[in-house]
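One structure is given below, encoded as structure tokens.
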Amino acid sequence: MRVGIARERRGGERRVAATPDTVRQLAGLGLEVLVEHGAGEESGHSDASYEAAGADVVDAIELGDLDVLLHVRPLEPETPARLRRGAVTIGLASPSTELPTVEALRVAGITAFALELVPRISRAQSMDALTSQALVAGYRCVLEAAMRLPRFFPLYMTAAGTIPPAKVLVLGAGVAGLQAIGTAKRLGARVSANDVRAASADEVASMGGTFVHLDLDAADAGGGYAKELGADRAARQRQLLAPHVADADVLITTAAIPGRPAPLLVTAEMVAAMRPGAVVIDLAAESGGNVEGSVAGSDVAVPTADGGGTVTIVGMKDAASTMPGDASRLYAKNVANLLALMTHDGSVEPDFSDVVVLDACLTHDGEVRHPATADALEAVTAEGGFDTRRASPGATQPPGAPDEQEGTR
């Protein structure tokens, strides 16, 4: 069976869905692997390294000849029609914001697996791309803050005086948040964090951070995620967080709720109350933002309330793609492990009695298998259909259809 890895074509995407190591894994399963010329260049993998691993490097992937297509970003709406009926696709699908593509997959009879839908159970950890990519994003956002902050992160005691450590506050202690805490601690900062989930205090402490306790009850949802707060409770949370935000040199926000726009945690007034030179990193900027005024892919200068300077809000975009080498190493392994689960004697045959395969399936045999996405499509159809142009990343999302957002077990 032929497995294809095409070069990613979305702007800003530098990851690749297979590395030479995973090509060896797939070839060892009896699969024929085709890699498009230049597919791994930006993640540090040459065509020669793929050939040495057992892949055939081709100038262009003929989609109609493939049995399996591996990808990173969601497919374009016109791509499924070019695949043969019954072909398998594995990758990030963002079903809640890519409904035109989901419908195209259904119509084309493609068996599509969305890595966002992989169940968060122990047996599926090696296939959990949300976790692996959140790890990269959490690390990167601290580096982005350190490069912009006009002072040191660690404590320094010198003959000229003592420089106190920077104060870093992390909101959202999922995988990305915990990685941010650990990275900031390794750089020598004084780190505190808050999350509305019950287990967060112990998780923050395990990474060396100080948990910020607020007078709010825990708000846990399934799969290790936080559930969305009501309007009154969200306002109370912002009120309680305000003094902690004002005291921080660096604020990092990572809170995300699967299938919904990111919750607003920090208002413009809270940002303006921070010290001149402070830096805010909004890791959730692409899904609506945790910080009022953040713009994905841009730095925004906000004047401080005292008129003494500005605070820089950094809206992170394609965070994992900024470190394509290790991000691809982890992502490609997630993809290969899921494909290996469905491969028997050199043939890819999904077993839908397996909960991992069943839950991860987005479309199969002309049907949308993910209930929330099926409901969203039905609602759109009832309203007269949808524009075939791509939905924006910040579009309203149906409940239960997660995009590429972080959480923790």
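What residue, of 322, 304, is closer than 20 Å to residue 92 by Cβ and out of contact with any His (no Cβ under 8 Å at 6 or more places or on another chain)? Give the steps one after another, and end with the answer.
On the way: 304 fails: closer than 20 Å to residue 92 by Cβ.
Just one listed residue meets the conditions, 322.
Kindly evaluate residue 209 against the criterion of being at pLDDT 95 or above and open to solvent by less than 40 Å² (accessible area, probe 1.4 Å).
Values: at pLDDT 95 or above: yes; open to solvent by less than 40 Å² (accessible area, probe 1.4 Å): yes.
Considered against the rule, which asks whether it is at pLDDT 95 or above and open to solvent by less than 40 Å² (accessible area, probe 1.4 Å), residue 209 comes out as yes.
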* Structure fact -> By residue number, the members of region 73-87 that are open to solvent by less than 10 Å² (accessible area, probe 1.4 Å) and either at pLDDT below 95 or not in a helix (DSSP H, G or I) (or both) are 87
* Structure fact -> Of those in region 152-176 that are open to solvent by 80 Å² or more (accessible area, probe 1.4 Å) and either outside any loop (DSSP other than H, G, I, E, B) or of a type in the set (Lys, Arg) (or both), the residue nearest to residue 318 (Cα to Cα) is 156
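Condition check ((1) outside any helix (DSSP H, G or I); (2) charged (D, E, K, R); (3) surrounded by fewer than 19 Cβ atoms within 10 Å (Cβ to Cβ)) across all residues:
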site: 96; (1), (2), (3): yes, no, no
site: 109; (1), (2), (3): yes, no, yes
site: 126; (1), (2), (3): no, no, yes
site: 141; (1), (2), (3): no, no, no
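Could you please let me know if residue 9 is open to solvent by 40 Å² or more (accessible area, probe 1.4 Å), over 20 Å from residue 334 (Cα atoms) and at pLDDT 95 or above?
Numbers: open to solvent by 40 Å² or more (accessible area, probe 1.4 Å): yes; over 20 Å from residue 334 (Cα atoms): yes; at pLDDT 95 or above: no.
No: the conditions fail for residue 9.
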* Conditions: (1) at pLDDT below 90; (2) assigned to a strand (DSSP E or B). Residue 394 meets all but one. Number of the miss? -> (2)
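Restricting to region 40-57, name every residue that is part of a loop (DSSP other than H, G, I, E, B) and open to solvent by 10 Å² or more (accessible area, probe 1.4 Å). Spell out the reasoning first.
The initial filter retains those residues of region 40-57 that are part of a loop (DSSP other than H, G, I, E, B), namely 40, 44-46, 54-55.
Across region 40-57, the qualifying residues are 44, 45, 46, 54.
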* Structure fact -> If we keep only residues of region 58-72 that are surrounded by fewer than 15 Cβ atoms within 10 Å (Cβ to Cβ) and charged (D, E, K, R), then the residue farthest from residue 334 (Cα to Cα) is 59
* Near pairs, Cβ below 7 angstrom, 6+ apart or cross-chain, from region 79-95 (over 16 Å from residue 114 (Cα atoms)) to any residue that is open to solvent by 10 Å² or more (accessible area, probe 1.4 Å) and in a loop (DSSP other than H, G, I, E, B) -> 81/108; 83/108; 85/108
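Quick one: is residue 92 in contact with a Gly (Cβ under 8 Å, 6 or more places away or on another chain) and within 17 Å of residue 336 (Cα to Cα)? Can you show your working first?
Numbers: in contact with a Gly (Cβ under 8 Å, 6 or more places away or on another chain): no; within 17 Å of residue 336 (Cα to Cα): yes.
Spelling it out, it is not the case that residue 92 is in contact with a Gly (Cβ under 8 Å, 6 or more places away or on another chain) and within 17 Å of residue 336 (Cα to Cα).
The values are calculated or read from the model by the stated rules, or taken from the named source; none is laboratory data. All of these numbers come straight from a predicted model, not from anything done at the bench. Reconstructed Cβ throughout: ideal geometry from the backbone, glycine too, with neighbour counts over all protein chains shown. Side chains are part of the model used for accessible areas, which takes the heavy atoms of the whole protein and leaves out ligands, DNA and RNA. Shrake-Rupley method; radii C 1.70, N 1.55, O 1.52, S 1.80 Å.
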